[in-house]
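Please read the structure below before turning to the comments.
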Amino acid sequence: MNSYKVVELLGDGIATELSTSIHRVAKSLPCELEFIQVDLSDEERIRRGAEVYDEAEKLMREHRVSIKYPTATTKDSPNRILRSRCQFAVIHRPVATIPGITTNFKRHLDIDIVRIATGGTYEDAGRRIGPDTAVSMRVISRGPSKHASRFAFKLAMVRGTGVVAASKYTIQQATDGLFDEVAHGVARDYPTIDFRSELFDALLANLIINPEKYGVIVVPNEYGDFLSDAACGLIGSIGLGDSASYAFDDEGEVILAMFDPSGGTAPDIAGQNLCNPTAALLALASLLRHVGELDASQALRSSIFAAIDEKRTTPDIGGTLSTTEFTEEVCNRFEKLTATA
């Protein structure tokens, strides 16, 4: 049995319930996951300060694979700090229609959102200029733009789709213009992949009108944030999206990977065994794919989707099960799949 060490970054709100769900599924896997925990909850961050980030970074660099749960953003943003310390350049968020979930959007969606993990407007909280004006700086860098574009084209090769680079390059001519310039430069290295640029606002409309025209979309930081949540809304819930963050060496190879559900801490339902662990379990499936456990990854995804399709899921997407009951449903299906494989 293969064994992997995984840094587990604990958080706030529903994080404890998501961790319990992940550990239950891990017991059913045909490989061993050894979890090395770091508590990134708000309470621990206040108590330990920068020391807790030192520990997290050290372990993440040592073991190279981690899974993170939602953390509260109070005096600091753990997501932003970890991206900076670990030099995560790319965030990958797959979003696809899940059969069995009733939504207002009736078309089929299947996209991979590749987002630059740094820069944009998120690097600078800004400042007030007098009582009625505020300003902040927006940053786009060539290196992360190139990593994101390369990742997008490699993903498109696997998927057999095209790549769309979306930004406001006609308005933000310096910043988004640089991003678009880099994307076009990388596109020349992949001449067999269909590629086009679109203005981001037009893309939002076109994605709803003609979703079948989109496969892989590469975007700057904040645009990817907006697009990911909007796309999850189209498929039924923000709790259905998983995310992966990647750091690269100079040759463009992945050297660090962190997997997490893209939703928040949901303090209103924390501790009530009501949260939907789908996104966290999909993050685990992506982690398994990353470490090479391809069959287990696919079986886990299939088990999750089959349970949802039969309404054996949590109330937020039409079921009646608690968090633990849904987790058991997924485990039972997964064990049957892997036993006959």
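The values are calculated or read from the model by the stated rules, or taken from the named source; none is laboratory data. For clarity, every value in this text was computed on a predicted model and none was experimentally measured. Note: ideal-geometry Cβ built from the backbone for every residue, glycine included; neighbour counts use all protein chains shown.
Out of ALA270, ALA247, ALA283, one residue alone is in contact with a helix residue (DSSP H, G or I) (Cβ under 8 Å, 6 or more places away or on another chain), within 30 Å of THR118 (Cα to Cα) and buried (at least 18 other Cβ atoms within 10 Å of the Cβ). It is ALA247.
Do the conditions hold for ALA283, that is, is it at pLDDT 95 or above, in contact with a strand residue (DSSP E or B) (Cβ under 6 Å, 6 or more places away or on another chain) and closer than 22 Å to HIS108 by Cα?
Numbers: at pLDDT 95 or above: yes; in contact with a strand residue (DSSP E or B) (Cβ under 6 Å, 6 or more places away or on another chain): yes; closer than 22 Å to HIS108 by Cα: yes.
Criteria met by ALA283.
Scanning the stretch 266-307 for residues that are out of contact with any Ser or Thr (no Cβ under 7 Å at 6 or more places or on another chain), farther than 24 Å from GLU34 by Cα and in contact (Cβ under 8 Å) with a residue 40 or more places away in the chain gives ALA266, PRO267, ILE269, ALA270, GLY271, PHE305. The lone criterion from (1) in contact with a Phe, Trp or Tyr (Cβ under 9 Å, 6 or more places away or on another chain); (2) closer than 17 Å to HIS92 by Cβ left unmet by LEU234 is number (2).
A search for C-beta distances below 6 Å between a residue of the stretch 57-78 that is touching a residue at least 60 places away in the same chain (Cβ under 8 Å) and assigned by TED's automatic domain parsing to the domain that holds LEU284 and any residue that is surrounded by fewer than 18 Cβ atoms within 10 Å (Cβ to Cβ) and part of a loop (DSSP other than H, G, I, E, B), counting only pairs 6+ apart in sequence or on different chains, returns PRO70/GLY264. Residues in the stretch 263-291 that are of a type in the set (Gly, Ala, Ser) and under 16 Å from THR338 (Cα atoms): ALA285 alone.
For the stretch 128-219, please list each of the strands (runs of 3 or more DSSP E) lying entirely inside it that holds at least 3 residues being more than 19 Å from VAL90 (Cα to Cα).
Numbers: elements: 163-167, 195-199, 216-219.
Per the criteria, 195-199.
Here MET1 fulfils each of the conditions (1) free of Cβ contacts under 8 Å to residues at least 60 places away in the same chain; (2) under 20 Å from the mean Cα position of the chain (by Cα); (3) surrounded by fewer than 20 Cβ atoms within 10 Å (Cβ to Cβ) apart from (2). The set of residues in the stretch 287-313 being under 21 Å from the mean Cα position of the chain (by Cα), crowded, with 17+ Cβ neighbours inside 10 Å and assigned to a loop (DSSP other than H, G, I, E, B) consists of GLU293 alone.
Just to be sure, is LEU321 touching a strand residue (DSSP E or B) at 6+ places or on another chain (Cβ under 9 Å) and hydrophobic (A, V, I, L, M, F, W, C)?
Working: touching a strand residue (DSSP E or B) at 6+ places or on another chain (Cβ under 9 Å): no; hydrophobic (A, V, I, L, M, F, W, C): yes.
Against the criterion (touching a strand residue (DSSP E or B) at 6+ places or on another chain (Cβ under 9 Å) and hydrophobic (A, V, I, L, M, F, W, C)), LEU321 does not qualify.
Cβ-Cβ contacts under 8 Å between residues 6 or more apart (or on different chains), taken from a first residue in the stretch 326-341 that is at negative phi to a second residue that is of a type in the set (D, E, K, R), are listed as PHE326/ARG312; THR327/ARG24; GLU328/ARG24; GLU329/ARG312; CYS331/ARG24; CYS331/LYS27; THR338/ASP295; ALA341/ASP295.
Pick out the one residue from LEU59, LEU109 that is over 30 Å from VAL182 (Cα atoms) and of a type in the set (A, V, I, L, M, F, W, C). It would help to see each step written out before you state the result.
On the way: LEU109 fails: over 30 Å from VAL182 (Cα atoms).
Just one listed residue meets the conditions, LEU59.
Of ASP249, ASP242, which residue is at pLDDT below 95, closer than 27 Å to ILE101 by Cβ and acidic (Asp, Glu)? The unique qualifying residue is ASP242.
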